[in-house]
Amino acid sequence: RLGNVYFTTGEYEKALNYHLNALKIKENLGDKKGVAATCQNIANIYQQQANSTKAIEYYLKSLKIKEELGDKKGIGNSLNGIGNIYKDLGNYKKALDYFNQSLVIRKEINDLNGMAYTYSNIATIYGMQKDYKQTVEYSEKGLEILEKLGNKNGIASCLAIIANVYKA
């Protein structure tokens, strides 16, 4: 928990140290679910530090365990995280591949919030590629879900993506 507090406050080195220590303990206990969650947290930290190689390494470790456990929501989260890294690296083809894999799973388990954010991520990729028709299409899919959920932050994000299309 302390690792998450430090992550939230932007103290990434402290957060990383706590999570790496927690990872050792959870591995020694054989707590696979805990190992997967901690690897995901470590990946998030490395992503914030722009250490893509380490972030992908830990996302993949988390993904592998989640697949072994049949944790579909977790699998969707890991795939989405990997997609975000490839998006940040400018590898849009790979990013879309991971986002689409995440979307399939999120639809399968009816993870509405996850679906909305994945649609938004896909829209962002299309916007970066200047495919504005797809940008608006995917933003609107996400927006529809977020409005049903009453997620005002998500709604604002989707509307900003659409606004950027008309600004371009």
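The values are calculated or read from the model by the stated rules, or taken from the named source; none is laboratory data. What you see is a predicted model, and the numbers here were worked out from it, not measured in a lab. Virtual Cβ from ideal backbone geometry, glycine too; neighbours counted across all protein chains shown. We work out accessible area using only protein heavy atoms, side chains counted, and drop any ligands, DNA or RNA first. Shrake-Rupley method; radii C 1.70, N 1.55, O 1.52, S 1.80 Å.
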Tally of residues being within 23 Å of residue 71 (Cα to Cα) and out of contact with any His (no Cβ under 7 Å at 6 or more places or on another chain) across region 1-44: 24
Unmet requirement for residue 154, which otherwise passes all of (1) assigned to a helix (DSSP H, G or I); (2) modelled with pLDDT of 95 or more; (3) within 19 Å of the chain's Cα centre (by Cα): (2)
Sole exception among (1) of a type outside the set (Phe, Trp, Tyr); (2) surrounded by 14 or more Cβ atoms within 10 Å (Cβ to Cβ); (3) within 19 Å of the chain's Cα centre (by Cα); (4) modelled with pLDDT under 95 for residue 10, by number: (2)
Residues that are out of contact with any Leu (no Cβ under 9 Å at 6 or more places or on another chain), open to solvent by 40 Å² or more (accessible area, probe 1.4 Å) and either touching a residue at least 24 places away in the same chain (Cβ under 8 Å) or basic (Lys, Arg) (or both), drawn from region 142-165: 164
Any hit, region 36-49, residues being open to solvent by 20 Å² or more (accessible area, probe 1.4 Å), without any contact (Cβ under 8 Å) to a residue 40 or more places away in the chain and touching a Lys or Arg at 6+ places or on another chain (Cβ under 8 Å): yes
Region 98-113: number of residues that are buried (at least 16 other Cβ atoms within 10 Å of the Cβ) and not aliphatic (A, V, I, L, M): 6
Residue 24 open to solvent by 80 Å² or more (accessible area, probe 1.4 Å), within 16 Å of the chain's Cα centre (by Cα) and without any contact (Cβ under 8 Å) to a residue 24 or more places away in the chain: no
Verdict on residue 77 being under 18 Å from residue 111 (Cβ atoms) and part of a helix (DSSP H, G or I): yes
Filter result for residue 56 (aliphatic (A, V, I, L, M) and either modelled with pLDDT under 95 or open to solvent by less than 80 Å² (accessible area, probe 1.4 Å) (or both)): yes
Candidate set from region 97-140 (those that are at negative phi and of a type in the set (Lys, Arg)); member that is farthest from the chain's Cα centre (by Cα): 133
From 71, 88, residue being more than 23 Å from residue 2 (Cα to Cα) and at pLDDT below 95: 88
Residue within region 3-16 that is in a loop (DSSP other than H, G, I, E, B) and within 22 Å of residue 95 (Cβ to Cβ) present: no
Residue that is open to solvent by less than 40 Å² (accessible area, probe 1.4 Å), part of a helix (DSSP H, G or I) and closer than 19 Å to residue 40 by Cβ, where the choices are 123, 95, 116: 95
Region 126-141, residues that are part of a helix (DSSP H, G or I) and surrounded by fewer than 20 Cβ atoms within 10 Å (Cβ to Cβ): 128, 132, 133, 134, 136, 137, 140, 141
